[in-house]
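The values are calculated or read from the model by the stated rules, or taken from the named source; none is laboratory data. A quick note: this is a predicted structure, and the numbers were derived from the prediction, not measured. Counting neighbours? That spans all protein chains shown, and the Cβs are built from the backbone with ideal geometry, glycine included.
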Amino acid sequence: MTLTAAENRAGGAGAIRWRSVQGIWLRHWVSYIRYWKITITWVLIEPAVALVAVGAGIGQLVEAVEGADSYAEFVTPGIIMGSAMFHALFETSWNAYHRIDNQIYETQLTTPISVFELTLGDVAWAVTRSLFTTVAVAAFAAALGWIDEWMVIGIIIPAILSGMVFGTMGFFFAATAPYTVFLSLVFTLVATPLYFFSGSFFPISVLPNWVEPIAWAMPLTPGVHMARGFATNTLEITHLWSALYMIGMIAVFWPTAVWLMRRRLIK
Amino acid sequence: MIRVSDLHKRFGDIHAVNGISFEVKRGETYGLLGPNGAGKTTTMRMLSALSPLTSGDIEVGGINVTERGREVREILGVVTQHDGHDSGLTVLQNLALHGYLQGLSRSRAEERAVEVLTFFGLEDRKSANVYELSGGMKRRLAISRALLTQPPVVVLDEPTTGLDPQSRNRVWEQLAVMKRAGVTVLMSTHYMEEAATLCDRLSIMDHGKILDEGAPDELVERHAGEEVAQVRTRSEEALAALRERLAGTTFNLHEVGAMATITSDNGKRPEISGIDGIRVNYRSGNLEDVFITLTGRDLRDE
């Protein structure tokens, strides 16, 4: 990653100062655990409620689908990945905007940190948040018998990848938002439609033929697909494509996010 | 310690900084004085490597800002215009994080945090949330944050704007202590009293340019005179007569409604006699007179 002259890092163009990244991650952790009684409702309770309502409630009306033994088993990885998406996306859109708006980044940038390291620390934290909710909800689902305990470990892989996809995407909104209300679009245009139309609640194959490729191209779909491969123990070659697709998105979103943030912060 | 030469900054069509040069010596307190939009903040942001230069050069402690900005930020304590405290953290956590990002070890950062909080009389607020602090406390916290690493150079952008007189005095005291410790300070302000009290030398800026530079006394002598005349006029005719009398002289008339101030370009006391309907009082010239003489009375947008 090359940097502008204004950021002018010491030690050559490629040197990352890990202390900066660590410091930012640590800041988030310290701030997060201060309010754990509040955040746990979003990490575990809210997705668990959705899981029980949909899995046990709607699940009674639905026959088993696509390789899963029950609808609850089908929907579990979908709800887990949806929650992972919300957390990562929220962190780098709403929370990052708050840090822009309140000059918190500005203060951090008065230390020898670069915008690249700043966003890297934030994305690392966004991924961490995705992992928290993934592990919490998956453990809850495992207790209900809707997912095999060992597959919880497998789901961590798509959770990390998907966390990076949405952690980098969130900056698109934070870096371009002219005012706070603008950020509602993160939910109305991105998160909520993706939550429902990424193969989480019903297989993409039930959609009209022409919609199918669009649904497959949506950024949450590969995470859900891959997580389901682990959850139902049906891994095959298409799950590898999903992983590669997520890596491809990260490769595009990541430099774009850094570029947008630099444009917003370094004037 | 700080060297700025032929510095320019453009934002699109706006020429925010238009070719300024100045130097700040080791241990000196240097002020940038100017109305809103003069280019003070932009200059300070460029100096802190927070904003790229359009052209020109800045060196801090012999380090070029454009080439080695990260190193500059290592030796610089910066107080930005907005406090920029992190509302997700306590007072102490704010400082500890900043110290760590600056390069201190985690334990050392915490140690220093407690030291600076004590120095600024904030030690009993260390577990408070930053949003619970008063404006003056927030400002002191921002200054203490800049001093965590005991930097040789500190840059303060309007350190006392918006503070009540008590808090302002408190900040001034702390700046005086810093100065005695040999810290080089660059500060911006639009409070004349502050500049006159704290700065060894200062620049008066407007429209991205430096209009004049010198010690506060020198500037007063040069642009206002040791004594300025404060004139009250009883009629429009008297004011017109006064205007006519001063036209083409080395004296400048600054009108504010029925009041007027007369400053001098060459240090001479303005003697006014023989005009009916005016009352003249003399007072010491000050930086405010200099400021108005040089930058005029037009209102500025932010």
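Before moving on, here are some points about what is shown:
- Exactly one residue out of B:Ala238, B:Ala224, B:Ala181, B:Ala229 is surrounded by fewer than 20 Cβ atoms within 10 Å (Cβ to Cβ), in contact with a strand residue (DSSP E or B) (Cβ under 7 Å, 6 or more places away or on another chain) and either touching a residue at least 12 places away in the same chain (Cβ under 8 Å) or over 16 Å from B:Thr295 (Cβ atoms) (or both): that is B:Ala238.
- Here the condition is being in a loop (DSSP other than H, G, I, E, B), crowded, with 19+ Cβ neighbours inside 10 Å, on the phi < 0 side of the Ramachandran plot and not assigned by TED's automatic domain parsing to the domain that holds B:Ile262; of B:Leu175, B:Leu186, B:Leu163, it holds for B:Leu163 alone.
- Screening B:Val60 with (1) at pLDDT 95 or above; (2) within 9 Å of chain A (Cβ to nearest Cβ) gives one miss only, at (2).
- Filter result (modelled with pLDDT under 95, within 17 Å of A:Val127 (Cβ to Cβ) and among the small types (Gly, Ala, Ser)) within segment A:141-190: A:Gly154
- Condition check for A:Gly248: over 15 Å from A:Met85 (Cα atoms) and small (Gly, Ala, Ser): yes
- Residues that are at pLDDT 90 or above, assigned to a loop (DSSP other than H, G, I, E, B) and more than 24 Å from B:Val116 (Cα to Cα), drawn from segment B:189-206: B:Asp200
- Looking across segment B:261-271, just one residue is buried (at least 17 other Cβ atoms within 10 Å of the Cβ) and over 26 Å from the mean Cα position of the chain (by Cα), and that is B:Pro270.
- Condition broken by A:Trp146, with the remaining ones in (1) over 21 Å from A:Pro255 (Cα atoms); (2) in a helix (DSSP H, G or I) satisfied: (2)
- Residue in segment B:214-226 that is of a type outside the set (Lys, Arg), modelled with pLDDT of 85 or more and not in a helix (DSSP H, G or I) present: yes
- Among helices (runs of 4 or more DSSP H) entirely within segment A:27-126, having at least 2 residues that are within 26 Å of B:Arg106 (Cβ to Cβ) and within 14 Å of chain B (Cβ to nearest Cβ) singles out A:36-40, A:96-101, A:104-109.
- Residue list for segment B:157-174, filter: within 20 Å of B:Leu287 (Cα to Cα) and either among the aliphatic types (A, V, I, L, M) or in contact (Cβ under 8 Å) with a residue 40 or more places away in the chain (or both): B:Asp157, B:Glu158, B:Pro159, B:Thr161
- Cβ separations smaller than 9 Å between residues 6+ apart or across chains give the following pairs from segment B:140-151 residues that are in the same structural domain as B:Asp83 (by TED's automatic domain parsing) and under 12 Å from B:Thr118 (Cα atoms) to residues that are aromatic (Phe, Trp, Tyr) and part of a loop (DSSP other than H, G, I, E, B): B:Arg140/B:Phe120; B:Leu141/B:Phe120; B:Ser144/B:Phe120.
- Scanning segment B:62-81 for residues that are of a type in the set (Asp, Glu) and farther than 19 Å from B:Arg26 by Cβ yields a single hit, B:Glu67.
- Here B:Val114 meets each of (1) modelled with pLDDT under 95; (2) surrounded by fewer than 22 Cβ atoms within 10 Å (Cβ to Cβ) with one exception, condition (1).
- In segment B:71-90, residue farthest from the other protein chains (Cβ to nearest Cβ) [restricted to those that are in a helix (DSSP H, G or I) and surrounded by 23 or more Cβ atoms within 10 Å (Cβ to Cβ)]: B:Val72
- Residue count for segment A:214-244, restricted to those that are among the polar types (S, T, N, Q), assigned to a helix (DSSP H, G or I) and buried (at least 17 other Cβ atoms within 10 Å of the Cβ): 2.
- Residue selected from segment B:189-210 under the condition touching a strand residue (DSSP E or B) at 6+ places or on another chain (Cβ under 9 Å) and acidic (Asp, Glu), by the criterion surrounded by the most Cβ atoms within 10 Å (Cβ to Cβ): B:Glu194
- Any hit, segment B:102-111, residues being basic (Lys, Arg), assigned by TED's automatic domain parsing to the domain that holds B:Glu74, more than 24 Å from A:Trp25 (Cα to Cα) and not in a loop (DSSP other than H, G, I, E, B): no
- The set of residues in segment A:190-213 that are under 16 Å from the mean Cα position of the chain (by Cα), loosely packed, with under 14 Cβ neighbours inside 10 Å and of a type in the set (A, V, I, L, M) is empty.
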